1. For the stretch 73-101: of the residues being surrounded by 15 or more Cβ atoms within 10 Å (Cβ to Cβ) and of a type in the set (A, V, I, L, M), which is farthest from the chain's Cα centre (by Cα)?
2. Those residues that are part of a strand (DSSP E or B) and over 20 Å from N212 (Cα atoms), I need them from the stretch 225-247; list them, please.
3. Quick check on the stretch 120-146: of everything there that is charged (D, E, K, R) and in a loop (DSSP other than H, G, I, E, B), which residue is nearest to I43 (Cα to Cα)?
4. Determine which member of the set G112, G117 is out of contact with any strand residue (DSSP E or B) (no Cβ under 8 Å at 6 or more places or on another chain), over 22 Å from R11 (Cα atoms), without any contact (Cβ under 8 Å) to a residue 12 or more places away in the chain and assigned to a loop (DSSP other than H, G, I, E, B).
5. Quick one: what pairs do we get from the stretch 174-188, first residue among the charged types (D, E, K, R), second assigned to a strand (DSSP E or B), C-beta under 6 Å, 6+ apart or different chains?
6. Given the conditions (1) in the same structural domain as T235 (by TED's automatic domain parsing); (2) part of a loop (DSSP other than H, G, I, E, B); (3) acidic (D, E), report the number of the one that D184 does not fulfil.
7. Out of L64, L76, L21, L96, which single residue is in a loop (DSSP other than H, G, I, E, B), outside the structural domain of R205 (by TED's automatic domain parsing), within 30 Å of Q167 (Cα to Cα) and of a type in the set (A, V, I, L, M)?
8. Quick test for you: out of I152, I200, pick the one residue that is without any contact (Cβ under 8 Å) to a residue 40 or more places away in the chain, in a strand (DSSP E or B), surrounded by 14 or more Cβ atoms within 10 Å (Cβ to Cβ) and within 23 Å of the chain's Cα centre (by Cα).
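The values are calculated or read from the model by the stated rules, or taken from the named source; none is laboratory data. Just so we're clear, the structure is a prediction, and the values are computed from it rather than from any experiment. Note: ideal-geometry Cβ built from the backbone for every residue, glycine included; neighbour counts use all protein chains shown.
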Amino acid sequence: MASCAGTGSHRTITGGSEAALCDAVRNGADLRVYTEFRHNEHIDVTSDCPEIVQEAAEFRVTCLLDDRWVAGFMTLRQPIALPDGFGPRASMSYFLYNQNGQQAIDRLLLDGVPASGTPGASPLDPTGHGMPKYHPKENWDSETNAPSQNFIYDFETYRFYVRDGWQEVLSHSEDGTVLSDSVDAVAEASMRGCEIKVGIRDLCRDLAEEPNMDHEWFVQTHSNYYYTEQKLLITGTQPLVRQRPAIPLTYTSGAWDCG
């Protein structure tokens, strides 16, 4: 892992550069973000424990917007109730971080409880859930099974780490025309046990407003299937979140999906 950029609690750059982060993600790099917070400012505001908690989180889906802006989604996370459990409702926590430290979350509820409201803008909690460093920006769909919030939390530290060791072995156009390398190269790598990651340009075009912002989504795959005579490679991605392209990237009612 290499550090590309670091910021302080006011989200000003203290090391590295946004350009280095963009270059790495453009090349398919994996992304992890390190943050620090105090237990009684973020986890339990009634606690008398001011201990610093260090968090390193994986962003399995990364995005490059307008060839100059990086965002990432956590797609494998469930709600965590530190220090010893999980949240009260079965759900996924699709956290979204931008390169400037602006954050968002969509909580996809999986417990089957019927929604009590309709999609749309929802009132903000002006108290920030009692967290002094939590600054809410927008709430959406709060009475549905997929409520989302856009916010900023003033972590003590942000560090963006990348693992930039991927090798491109195939590039093709939207209609499947090979532009460089070959399908055989991908199949051979997969059958040798290599992990495969795909970068898909304009993946969220159907969610975009006009004109569509240039964008590319990167996600790792799991199972790959190669039809040796047809030279047809089929792959399934790991969980993927899509969102209407924007800078910064935020959740908006009716402008995202997952699968």
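1. M92
2. Y225, Y226, Y227, L232, L233, I234, T235, G236, T237
3. Going through the qualifying residues, I end up with K133.
4. Among G112, G117, only G112 is out of contact with any strand residue (DSSP E or B) (no Cβ under 8 Å at 6 or more places or on another chain), over 22 Å from R11 (Cα atoms), without any contact (Cβ under 8 Å) to a residue 12 or more places away in the chain and assigned to a loop (DSSP other than H, G, I, E, B).
5. Between residues of the stretch 174-188 that are among the charged types (D, E, K, R) and residues that are assigned to a strand (DSSP E or B), the close pairs are D181/L170.
6. (2)
7. That would be L76, the only listed residue that is in a loop (DSSP other than H, G, I, E, B), outside the structural domain of R205 (by TED's automatic domain parsing), within 30 Å of Q167 (Cα to Cα) and of a type in the set (A, V, I, L, M).
8. That would be I200, the only listed residue that is without any contact (Cβ under 8 Å) to a residue 40 or more places away in the chain, in a strand (DSSP E or B), surrounded by 14 or more Cβ atoms within 10 Å (Cβ to Cβ) and within 23 Å of the chain's Cα centre (by Cα).
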